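**Q** Got a structure for you, written out below as structure tokens; questions coming shortly.
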Amino acid sequence: MPPARPPRGWPPTSDCACMSTPDADAPLIERVKRGDVKAFEMLVVKYQRRIERLIGRMVRDVDLVPDIAQETFIRAYRAIPQFRGESQFYTWLYRIAVNTAKKALVGLKRDPIVTESARASREDDDETSRVENELTDGETPEAVMASKEIAAAVNAAIEALSDDLRQAITLREIEGLSYEEIAELMDCPIGTVRSRIFRAREAIAQRLRPLLDTREGERW
């Protein structure tokens, strides 16, 4: 009897819909589920700065950021036994951070305010400082001043956006999330995410046109 042939299409190709990108955090998550606190501490170290930066963009008050970030990780630790890996861990964690920040603002019955300390905190961010150093190293004082003026205009444009536009553009351009991840995080269709990011970019470009001398329809 000839050997049985495998079914047509087997083995599945790499673009099969059933295959997904492995979560690099999966081994740590499994250790946490088994009660390994050190494994969760490693996740905190990995994502703390990113979570604080995300929260800082939402509440824009540096005094609130550490407490909200801490509450985010506490909630994540308590909920991690129910994490089923249907999304990437950091997407799941970001959703908790966003919900925690929103709840904190509602609970305090206050509007997010841009404080001088929040501005200073963002300016002192190591990653931002490193990028600024790379851009300004060896440039003339005039070029440095122009770069700072452009950066200030971008920040002002982002701060002036509505909450949904600011969150979308932050997740895309600063955190580097995909449209699919942002849609999952913001609980809206991908088309809505694309629209929000487009509108945010247009608003920022409008602020930058006088500085960059760009024409209508062009972005920075």
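**Q** So which of E116, E134, E123, E127 is at pLDDT below 80 and under 30 Å from I29 (Cβ atoms)? Give the derivation first.
**A** On the way: E116 fails: under 30 Å from I29 (Cβ atoms); E134 fails: under 30 Å from I29 (Cβ atoms); E123 fails: under 30 Å from I29 (Cβ atoms).
It is E127.
**Q** Of R57, R75, which residue is under 27 Å from V106 (Cβ atoms), modelled with pLDDT under 95 and under 19 Å from the mean Cα position of the chain (by Cα)? Break it down into steps so the answer makes sense when it comes.
**A** Details: R75 fails: modelled with pLDDT under 95.
Matching residue, one of R57, R75: R57.
**Q** Quick one: is E41 out of contact with any helix residue (DSSP H, G or I) (no Cβ under 8 Å at 6 or more places or on another chain) and either free of Cβ contacts under 8 Å to residues at least 60 places away in the same chain or assigned to a loop (DSSP other than H, G, I, E, B) (or both)? Reasoning before the result, please.
**A** Values: out of contact with any helix residue (DSSP H, G or I) (no Cβ under 8 Å at 6 or more places or on another chain): yes; either free of Cβ contacts under 8 Å to residues at least 60 places away in the same chain or assigned to a loop (DSSP other than H, G, I, E, B) (or both): yes.
Taking the combined requirement at face value, the residue satisfies it.
**Q** Would you check if there is a residue in the range 60-69 being at pLDDT below 80, buried (at least 18 other Cβ atoms within 10 Å of the Cβ) and under 19 Å from the mean Cα position of the chain (by Cα)?
**A** Filtering the range 60-69 down to residues at pLDDT below 80 leaves 60-61.
Checking the rest, the ones that are also buried (at least 18 other Cβ atoms within 10 Å of the Cβ) come to 60-61.
Narrowing the set further to residues that are under 19 Å from the mean Cα position of the chain (by Cα) leaves 60-61.
Looking for residues that are at pLDDT below 80, buried (at least 18 other Cβ atoms within 10 Å of the Cβ) and under 19 Å from the mean Cα position of the chain (by Cα), one finds at least one in the range 60-69, hence yes.
**Q** For W92, which of the numbered conditions (1) crowded, with 18+ Cβ neighbours inside 10 Å; (2) modelled with pLDDT under 80 fails to hold?
**A** Tallying (1) crowded, with 18+ Cβ neighbours inside 10 Å; (2) modelled with pLDDT under 80, W92 fails exactly one: (2).
**Q** Here is a follow-up. Do we have A168 as hydrophobic (A, V, I, L, M, F, W, C), within 25 Å of V59 (Cβ to Cβ) and over 12 Å from the mean Cα position of the chain (by Cα) here? Before the answer, list the steps.
**A** Values: hydrophobic (A, V, I, L, M, F, W, C): yes; within 25 Å of V59 (Cβ to Cβ): yes; over 12 Å from the mean Cα position of the chain (by Cα): no.
Criteria not met by A168.
**Q** Of L185, L171, which residue is at pLDDT below 85 and either closer than 13 Å to Y94 by Cβ or not in a helix (DSSP H, G or I) (or both)? Lay out the reasoning, then the answer.
**A** Details: L171 fails: at pLDDT below 85.
Exactly one residue qualifies, and that residue is L185.
The values are calculated or read from the model by the stated rules, or taken from the named source; none is laboratory data. What you see is a predicted model; the values in this text were computed from it and never measured. Cβ: placed from backbone, ideal geometry, glycine included. Neighbour counts: every protein chain shown.
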